[in-house]
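First up is the structure itself, then whatever we jot down about it.
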Amino acid sequence: MQHHKKYKGVVVPTVTPLTASLTLDRGAVERMLDNFRRHNVTPFILGTTGEAASLSQSVKQDFLQTAASLKKAGDVLYAGISSNVLDESVAFANRCFDAGVDVVVATLPNYYPLTPGQMKAYFIKLAEKLAGPLMIYNIPPTVHMSIPLDVVEELSHHPKIVGLKDSERNEERLQAALKLRGQREDFCYFAGWAAQSAQTLLKGGDGIIPSTGNFAPGLYNDLYNAAMQGNAEKAYELQKKSDALGNVYQGGKTLGESLWALKVLMKKEGLCDTYMMPPLHQLSNEEEQKILNNLPPQ
């Protein structure tokens, strides 16, 4: 089982490393992207894990330019462009393409409830205004809507819409999405549900987008390779390790708290500090120590 598409493999939804003054920590960006490259995984900047909804345009632009300047031959870079204002998404997306981003990723706007017809019309209008490829991002916990798979199927035939990142935790939907993708070479499926990484890859998915990859990228590179080689036993063994690590920073926490806890684990690896953009914030030193104490033995 080998994938020959450009959009495949392990794509890490990259945290946004911040300084104490809440500016971009450029040195941390360089360390993080070097670590990704060493483990053959790909960055996806300015997504949910990257606190994108809370970042100013200046911080987003700084992250974009810094990440793009660190690209090397053969690297692929994903960037989130989501906004409730269509023209803002378009303008930022086209700045991304000008900087060297390979594919942009967008959720639905998240204020007004939308019908399936409105969802389809929105993504078509967005795609037609872009200078490059678009990946649809389905994430009901933050957008409070789910994009129906029949809408995804219709959108998948648009020449600029190249894939779906699906973070909806629904087993039936996952199986249906993998069938929708089928054997198509012009549309890809990425699971944003880390607990289903092995199953997704073994059943033909193109890639996975695990936030735990921020501090353990090698684990997911190994899992991906095992799945591509058809070694289900090894893939599921690595899935158990992924689940254990994910529980360290996600278990019993809100999404926002888990993003801080993720930075705690990254700080332990010397990758970045734990500063968060409001409304998120750092928790206590005691909470930080609890997270570190819960790490499974290596």
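The values are calculated or read from the model by the stated rules, or taken from the named source; none is laboratory data. Keep in mind the model is a prediction, meaning the values are calculated, not measured. Every residue, glycine among them, receives a Cβ derived from its backbone with ideal geometry; neighbour counts consider all protein chains shown.
With respect to the numbered conditions (1) crowded, with 17+ Cβ neighbours inside 10 Å; (2) closer than 20 Å to L255 by Cα; (3) without any contact (Cβ under 8 Å) to a residue 60 or more places away in the chain, which one is the sole condition not fulfilled by Y111?
Condition not satisfied by Y111: (1).
Could you tell me whether segment 64-77 includes any residue that is in contact with an Asp or Glu (Cβ under 7 Å, 6 or more places away or on another chain), of a type outside the set (A, V, I, L, M), touching a residue at least 40 places away in the same chain (Cβ under 8 Å) and surrounded by fewer than 23 Cβ atoms within 10 Å (Cβ to Cβ)?
Narrowing segment 64-77 to residues in contact with an Asp or Glu (Cβ under 7 Å, 6 or more places away or on another chain): 70, 76-77.
Within this subset, residues satisfying the condition of being of a type outside the set (A, V, I, L, M) are none.
Within segment 64-77 (the criterion being in contact with an Asp or Glu (Cβ under 7 Å, 6 or more places away or on another chain), of a type outside the set (A, V, I, L, M), touching a residue at least 40 places away in the same chain (Cβ under 8 Å) and surrounded by fewer than 23 Cβ atoms within 10 Å (Cβ to Cβ)), the answer is no, since none of the residues qualifies.
Could you tell me which of the residues T254, T200 is buried (at least 20 other Cβ atoms within 10 Å of the Cβ), polar (S, T, N, Q) and either over 20 Å from P17 (Cα atoms) or at pLDDT 95 or above (or both)?
Criteria check complete, one pass: T200.
How many of the residues making up segment 268-287 are closer than 18 Å to A216 by Cα and surrounded by 11 or more Cβ atoms within 10 Å (Cβ to Cβ)?
Total meeting the criteria: 6.
What is the number of the single condition among (1) crowded, with 21+ Cβ neighbours inside 10 Å; (2) within 17 Å of the chain's Cα centre (by Cα) that Q239 does not meet?
The number of the failed condition is (2).
Select from segment 273-298 the residues that are outside any helix (DSSP H, G or I) and either among the hydroxyl-bearing types (S, T, Y) or in contact (Cβ under 8 Å) with a residue 40 or more places away in the chain (or both) and list them in ascending order.
Within segment 273-298, D273, T274, Y275, M276, M277, P278, P279, L280, S284, N294, L295, P296 meet the criteria.
Please specify each residue of segment 10-35 satisfying the condition of being in contact with a Gly (Cβ under 8 Å, 6 or more places away or on another chain) and buried (at least 22 other Cβ atoms within 10 Å of the Cβ).
Across segment 10-35, the qualifying residues are V10, V11, V12, P13, T14, V15, T16.
Does at least one position in segment 80-96 carry a residue that is touching a Gly at 6+ places or on another chain (Cβ under 9 Å) and surrounded by fewer than 16 Cβ atoms within 10 Å (Cβ to Cβ)?
no
When you go through (1) among the hydrophobic types (A, V, I, L, M, F, W, C); (2) assigned to a loop (DSSP other than H, G, I, E, B); (3) under 30 Å from K203 (Cβ atoms); (4) free of Cβ contacts under 8 Å to residues at least 60 places away in the same chain one by one for V15, which number turns out not to apply?
Single failed check for V15: (4).
Return only the number of the condition from (1) surrounded by fewer than 16 Cβ atoms within 10 Å (Cβ to Cβ); (2) in contact (Cβ under 8 Å) with a residue 12 or more places away in the chain that A226 does not satisfy.
The one condition A226 does not meet is (1).
Restricting attention to helices (runs of 4 or more DSSP H) lying wholly within segment 54-172, give those where 2 or more residues are more than 28 Å from A28 (Cα to Cα).
Per the criteria, 86-99, 116-129, 140-143, 149-155.
Scan segment 11-38 for residues that are farther than 15 Å from T212 by Cα and of a type in the set (A, V, I, L, M, F, W, C) and jot them down.
L18, A20, L22, L24, A28, V29
So, in segment 24-53, exactly how many residues are under 24 Å from E257 (Cα atoms), within 18 Å of the chain's Cα centre (by Cα) and not in a helix (DSSP H, G or I)?
Total satisfying the criteria: 9.
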